[in-house]
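Chemist: First the structure, which I've put down as structure tokens, then a few questions once you've had a look.
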Amino acid sequence: MTLVCTFNLLRGQAINAIEIFSNTHGIRQEGTTFYEVEGYTIFVQSHRASFDDKGFKKIKKKYSINKEISPVIDTAFQKARVFVKTQVRTKKITESGIIYLFPQGPSEIIVIGLQTTLGRDEALEKFFVKSILENSIPNSVYTTMEVDGIRIAGRFIELGPGCYWMSTHNVQCPNLGQMNWSEFRNIDKAKEMVDAQSDITAGKSIGQLLEQDSIKVIFEGKETQALRMKYKLKVPQVIMGGSNILIIYYVVAEVRGKYVACVLSHYDDEIVRNTLPPLLKEIMSLRE
């Protein structure tokens, strides 16, 4: 896919491509490419549709865009049409969805979708859309669906067989724990990320928050505070095949020049009391 467009950042909104791409994780699948970068989840897809009201109607239905939302023009991408939708997740958190449509020939539309629960960073959005269109995202950001290891703030952690990607920057090792993370250029965004994730979890209807406290942990060699939640899923244990109680840690730390927002979780039957399962132990320990 090669599309040509003009792109200009607003004055003062310089973007360091090396920094951004070092914070990015991409996975290519058949028909879709996924990314995670600084709190944004991003996808790229292609659809058979005309670049007109009829085609837009088809796209709106596909991506659950309200019929009342009209496409707008982004001055950075004159050929594109953009849909912006919002969803209230909690009293504090509103999720933004930005859907870019680009014509590709007479009967095809390239869709680039960005989603975030953080305050929008429009300079980052435009930079990343431009990078997708110009095929300038380096191969180093991509991994295969087979997980041999994960890279956090520049450190590669080798994992054994059996782990898999739940999504970009989100890995699960059955019975050994799960973690998702984002890497940022500043600590405020990292804090905003974990605050949003913890607030969304606490408000979910699929379970009940049992306990919440703050504890000291060592995360990638740095002592910091973690918010710890004990969360009971409504799914019965007999269906789960084990415990339905999750222990979740929300952590922000400066690691090797990056600000990492990380959510680590495990079921309470996966460990001995006051310990961590193997995946979580790779990057974190509980302070004695």
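Chemist: How many of the residues making up the range 138-157 are under 17 Å from the mean Cα position of the chain (by Cα), of a type outside the set (Ser, Thr, Tyr) and either within 16 Å of residue 44 (Cβ to Cβ) or assigned to a loop (DSSP other than H, G, I, E, B) (or both)?
Modeler: 3
Chemist: Just the residues that are farther than 27 Å from residue 137 by Cα and of a type in the set (A, V, I, L, M, F, W, C), please, taken from the range 42-67.
Modeler: Those that are farther than 27 Å from residue 137 by Cα and of a type in the set (A, V, I, L, M, F, W, C): 56, 65.
Chemist: Let me ask another. May I ask you to say which residue of 182, 131, 107 is assigned by TED's automatic domain parsing to the domain that holds residue 269 and either at pLDDT 95 or above or not hydrophobic (A, V, I, L, M, F, W, C) (or both)?
Modeler: Going through 182, 131, 107 in turn, just one is assigned by TED's automatic domain parsing to the domain that holds residue 269 and either at pLDDT 95 or above or not hydrophobic (A, V, I, L, M, F, W, C) (or both): 182.
Chemist: Which of the residues belonging to the range 231-255 are of a type in the set (D, E, K, R) and at pLDDT below 95?
Modeler: Residues satisfying the conditions are 232, 234.
Chemist: Which of (1) in contact with an Asp or Glu (Cβ under 7 Å, 6 or more places away or on another chain); (2) buried (at least 17 other Cβ atoms within 10 Å of the Cβ); (3) of a type outside the set (Asp, Glu) is the odd one out, the single condition residue 131 does not satisfy?
Modeler: (1)
Chemist: Let me ask you something else. Would you confirm whether any residue within the range 158-178 is among the charged types (D, E, K, R), farther than 22 Å from residue 233 by Cβ and assigned to a loop (DSSP other than H, G, I, E, B)?
Modeler: no
Chemist: Determine whether residue 56 is at pLDDT 95 or above and touching a Pro at 6+ places or on another chain (Cβ under 8 Å).
Modeler: So residue 56 fits the description; yes.
Chemist: List the number of the failed condition for residue 118; all other conditions in (1) within 21 Å of residue 200 (Cα to Cα); (2) touching a Cys at 6+ places or on another chain (Cβ under 8 Å) hold.
Modeler: It fails just one condition, (2).
Chemist: Does the range 86-109 hold any residues that are assigned to a strand (DSSP E or B) and surrounded by fewer than 19 Cβ atoms within 10 Å (Cβ to Cβ), and which are they?
Modeler: 86, 87, 88, 94, 95, 96, 97, 103, 108
Chemist: What number of residues within the range 14-71 satisfy the criterion of being touching a strand residue (DSSP E or B) at 6+ places or on another chain (Cβ under 6 Å), among the polar types (S, T, N, Q) and not in a loop (DSSP other than H, G, I, E, B)?
Modeler: Qualifying residue count for the region: 6.
Chemist: Check off (1) closer than 24 Å to residue 121 by Cβ; (2) surrounded by fewer than 18 Cβ atoms within 10 Å (Cβ to Cβ); (3) of a type in the set (Lys, Arg) for residue 216 and give me the number that stays unchecked.
Modeler: (1)
Chemist: Still on this structure, please answer the following. Just to check your reading of the model, which residue among 259, 249, 231, 164 is touching a Leu at 6+ places or on another chain (Cβ under 8 Å) and either under 30 Å from residue 144 (Cβ atoms) or acidic (Asp, Glu) (or both)?
Modeler: Within the list 259, 249, 231, 164, the selection yields 249.
The values are calculated or read from the model by the stated rules, or taken from the named source; none is laboratory data. What you see is a predicted model; the values in this text were computed from it and never measured. Neighbour counts are summed over all protein chains in view; Cβ atoms, including those assigned to glycine, are modelled from backbone coordinates with ideal geometry.
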